[in-house]
Amino acid sequence: MGLFQGTAVLRAGVDKLLKGDAVMGALQRKVGRYVDILELGCAEEGGVMAVVRLRGFSEDVRVVLRRAEIGDGGAWVRPVEIFADREGVNALLKDMVQGRTFELPSMVKPFAGMLKGLFA
């Protein structure tokens with residue numbers, strides 16, 4: 001299997017994981033106070049992409065987690081490079097999310113290796 005095929009298989013597996021009810025539910029419980037997650041999956045430019053709608057607003061915002069560190073055993077994730085296509089949301093992500101460590105939901109921990117591969 002070539003590098004491109006291996007990457008495509010990895011992305012397909014991560015995409016399926018991210019779109020699953022367990023991950024979407026866990027994320028919605030974590031951020032649902034602030035946003036509705038409309039779409040979640042692998043970003044074309046690499047990493048993970050989400051389309052969200054801020055509570056009380058009608059405009060969609062695209063957020064891309066381009067690089068992240070994943071703790072051993074999938075205990076945590078630390079966004080290293082994250083951005084949004086709206087200036088105010090982008091500033092909030094840089095100030096409140098980028099560089100901070102967040103615990104990963106228990107159902108994601110077994111897939112930590114796949115996530116590490118996605119951000120490698």
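The table that follows gives values for the structure above.
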| item | result |
| --- | --- |
| First in segment 85-112 and over 15 Å from TYR34 (Cβ atoms), second anywhere and at pLDDT below 95 and among the β-branched types (Val, Ile, Thr), Cβ under 6 Å, 6 or more apart | LEU104/VAL77; ALA112/ILE70 |
| Matching entry among ARG29, ARG33 (being within 18 Å of PRO105 (Cβ to Cβ), open to solvent by 30 Å² or more (accessible area, probe 1.4 Å), part of a loop (DSSP other than H, G, I, E, B) and at pLDDT 85 or above) | ARG33 |
| Every residue from segment 64-82 that is open to solvent by less than 70 Å² (accessible area, probe 1.4 Å), in contact with a Leu (Cβ under 7 Å, 6 or more places away or on another chain) and on the phi < 0 side of the Ramachandran plot | ILE70, ALA75, VAL77, PRO79, ILE82 |
| Residues of segment 91-120 satisfying the condition of being aliphatic (A, V, I, L, M) and closer than 20 Å to MET24 by Cα | LEU93, VAL97, LEU104, MET107, VAL108, ALA112, MET114, LEU115, LEU118 |
| Residue that is open to solvent by 80 Å² or more (accessible area, probe 1.4 Å), among the aliphatic types (A, V, I, L, M) and on the phi < 0 side of the Ramachandran plot, where the choices are LEU92, LEU54 | LEU92 |
| Those residues of segment 28-53 which are within 13 Å of the chain's Cα centre (by Cα) and over 19 Å from ARG86 (Cβ atoms), in sequence order | GLN28, LYS30, GLY41, CYS42, GLY46 |
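The values are calculated or read from the model by the stated rules, or taken from the named source; none is laboratory data. Everything quoted here is computed from the prediction, not taken from an experiment. Neighbour counts run over all protein chains shown; Cβ positions are idealised from the backbone, glycine included. Remember, those area values only see protein heavy atoms, side chains included, never the ligands or the DNA or RNA. Shrake-Rupley method; radii C 1.70, N 1.55, O 1.52, S 1.80 Å.
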